[in-house]
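A.B. asks: Here's a structure for you.
The values are calculated or read from the model by the stated rules, or taken from the named source; none is laboratory data. Remember, it's a predicted structure, so these values are computed and weren't measured experimentally. As a convention, Cβ positions derive from the backbone with ideal geometry for all residues, glycine included, and neighbour counts pool all protein chains shown.
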Amino acid sequence: MLERLTYKGHPVPYIAAWSGERLPQPGIVTAADGIAFKGAVAANGNAQGRDPNGVLWQRWALRQGDGKPEYSVVHGPRQRRAMRKLLCQVCGGASDHDAQGHLWLLEDYRGVAGWPEREVTTHPPVCNWCAPVAARLCPHLENKVVAVRAGEVVVDGVHGNLYERGRGPLPVVKEKKKVVFTSDWRVKWMLANQLAATLTNVTIVDLPGVGAREGAAA
Ligand SMILES: [Zn+2]
C-alpha cells in the first residue's frame, strides 16, 4: 500500500491524468499499413514509431501531481503500468491478491448470462484499502459496482480511438473509443491510450471495506 495523492483534500487516483501532463498530439495520417503520426511515415510508406504490436500510443508527459487532476481522463502510461504489474488503480501499490486471484471492481452486469467470466476491462485492479474509494470515485461504478477476484488475467487488448482507411489524401476518421485485441489487424488503426485485460476464472466476492472511513489508519 502506498500513500494516495490528494488534491484539495480529495484522493486522486494513480491512473488519473494531471493537467501538467498533457502534451500536444501530432496529427494522424494514413500510412501504407495503418495510421501514423504526421511526419512519421517511412520512405516505403510504412508507419514509424509504433510499438512491436503495431499500436500507436497517445503521448503523455510523466509529471504526476503537476497542475490540476483530471479525474475523468486516464493517464495512459500509468494505466498501462498498473495493468501490466496489476497495481491498484487508486494508490499505485500492489492490488489485493488471495487464493481466488486479484481484486477488481466491475460494473454490474449480473443479468447477463455467463457474466463476469471473460469480462474485458480497462480498469486496473484495486487494493482492499482503496476499493471503497474506487467504488465512490469512478463514475461508471456508481450504484452498480461488483467486486470480483480473477484467477487469471491476460492483458490482450488496447483501448483508444479506432481509425478507418479514408478515401482522400488526408486521414480518416471515425472516432470511436473501443477495445481492439492485439491479435486483431485493426490494432494498426488504433491511436491507443489504455491496455485492456480479459479476466477468467472469476468469482464474485463481497466489496472489501464498505463503510470503512476514508483515510482510516491502516
Ligand atoms: Zn490502493
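A.B. asks: So in region 65-106, with the set limited to residues that are part of a loop (DSSP other than H, G, I, E, B), touching a residue at least 12 places away in the same chain (Cβ under 8 Å) and more than 15 Å from the ligand (Cβ to nearest atom), which one is surrounded by the most Cβ atoms within 10 Å (Cβ to Cβ)?
C.D. replies: Selected residue: HIS75.
A.B. asks: Within the set of pairs 6+ apart or on separate chains, which have a first residue in region 1-20 that is charged (D, E, K, R), a second that is buried (at least 20 other Cβ atoms within 10 Å of the Cβ), and C-beta atoms under 6 Å apart?
C.D. replies: Hits for this filter: ARG4/PRO11; ARG4/CYS91.
A.B. asks: Filter region 45-84 down to the residues that are within 20 Å of ASP184 (Cβ to Cβ) and among the aliphatic types (A, V, I, L, M), then identify the one that is nearest to the chain's Cα centre (by Cα).
C.D. replies: Across region 45-84, the extreme among qualifying residues is MET83.
A.B. asks: Are any of the residues in region 9-27 of a type outside the set (Phe, Trp, Tyr), in a loop (DSSP other than H, G, I, E, B), in contact with a strand residue (DSSP E or B) (Cβ under 9 Å, 6 or more places away or on another chain) and within 16 Å of the ligand (Cβ to nearest atom)?
C.D. replies: So far as region 9-27 goes, yes, one or more of its residues are of a type outside the set (Phe, Trp, Tyr), in a loop (DSSP other than H, G, I, E, B), in contact with a strand residue (DSSP E or B) (Cβ under 9 Å, 6 or more places away or on another chain) and within 16 Å of the ligand (Cβ to nearest atom).
A.B. asks: Take the conditions in a strand (DSSP E or B) and away from the ligand (no atom under 16 Å from the Cβ) and apply them to ALA36. Does it pass?
C.D. replies: Yes: the conditions hold for ALA36.
A.B. asks: From the list TYR14, TYR7, which residue is surrounded by 13 or more Cβ atoms within 10 Å (Cβ to Cβ), within 30 Å of ASP206 (Cα to Cα), out of contact with any helix residue (DSSP H, G or I) (no Cβ under 7 Å at 6 or more places or on another chain) and of a type outside the set (D, E, K, R)? Give the derivation first.
C.D. replies: Numbers: TYR14 fails: out of contact with any helix residue (DSSP H, G or I) (no Cβ under 7 Å at 6 or more places or on another chain).
Sole residue among the options that is surrounded by 13 or more Cβ atoms within 10 Å (Cβ to Cβ), within 30 Å of ASP206 (Cα to Cα), out of contact with any helix residue (DSSP H, G or I) (no Cβ under 7 Å at 6 or more places or on another chain) and of a type outside the set (D, E, K, R): TYR7.
A.B. asks: To continue, here is another question. GLY209: at pLDDT below 90 and within 16 Å of the ligand (Cβ to nearest atom), yes or no?
C.D. replies: In short, yes.
A.B. asks: Take the residues in region 107-133 that are under 16 Å from the mean Cα position of the chain (by Cα) and part of a loop (DSSP other than H, G, I, E, B); name whichever of them is nearest to the ligand (Cβ to nearest atom).
C.D. replies: VAL126
A.B. asks: A further question on this structure: ARG149: at pLDDT 95 or above and either basic (Lys, Arg) or in a helix (DSSP H, G or I) (or both), yes or no?
C.D. replies: Answer is yes for this residue.
A.B. asks: Turning to a different aspect of this structure: Taking interchain pairs and intrachain pairs at least six residues apart, which have beta carbon atoms under 9 angstrom, with the first residue in region 111-140 and among the aromatic types (Phe, Trp, Tyr) and the second near the ligand (Cβ under 9 Å from one of its atoms)?
C.D. replies: Once the first residue is among the aromatic types (Phe, Trp, Tyr) and sits in region 111-140, its partners that are near the ligand (Cβ under 9 Å from one of its atoms) give TRP129/MET1; TRP129/ARG4; TRP129/CYS88; TRP129/VAL90; TRP129/CYS91; TRP129/GLY93; TRP129/ASP96.
A.B. asks: Also, I was wondering about something else. If you take the residues of region 107-135 that are β-branched (Val, Ile, Thr) and out of contact with any Asp or Glu (no Cβ under 8 Å at 6 or more places or on another chain), which of them is surrounded by the fewest Cβ atoms within 10 Å (Cβ to Cβ)?
C.D. replies: VAL112
A.B. asks: Can you tell me how many residues within region 136-146 are under 11 Å from ASP108 (Cβ atoms) and either at pLDDT below 90 or more than 16 Å from the ligand (Cβ to nearest atom) (or both)? Before the answer, list the steps.
C.D. replies: The initial filter retains those residues of region 136-146 that are under 11 Å from ASP108 (Cβ atoms), namely 140-146.
When the remaining residues are screened for being either at pLDDT below 90 or more than 16 Å from the ligand (Cβ to nearest atom) (or both), the result is 140-144, 146.
Within region 136-146, residues that are under 11 Å from ASP108 (Cβ atoms) and either at pLDDT below 90 or more than 16 Å from the ligand (Cβ to nearest atom) (or both) number 6.
A.B. asks: Any residue at all in region 141-154 that's within 13 Å of VAL205 (Cβ to Cβ), loosely packed, with under 14 Cβ neighbours inside 10 Å and touching a residue at least 12 places away in the same chain (Cβ under 8 Å)?
C.D. replies: Yes, there is a match, as at least one residue in region 141-154 is within 13 Å of VAL205 (Cβ to Cβ), loosely packed, with under 14 Cβ neighbours inside 10 Å and touching a residue at least 12 places away in the same chain (Cβ under 8 Å).
A.B. asks: Please give the number of the condition ARG50 fails out of (1) among the charged types (D, E, K, R); (2) part of a loop (DSSP other than H, G, I, E, B); (3) surrounded by fewer than 19 Cβ atoms within 10 Å (Cβ to Cβ).
C.D. replies: If we test ARG50 against (1) among the charged types (D, E, K, R); (2) part of a loop (DSSP other than H, G, I, E, B); (3) surrounded by fewer than 19 Cβ atoms within 10 Å (Cβ to Cβ), just (3) comes out false.
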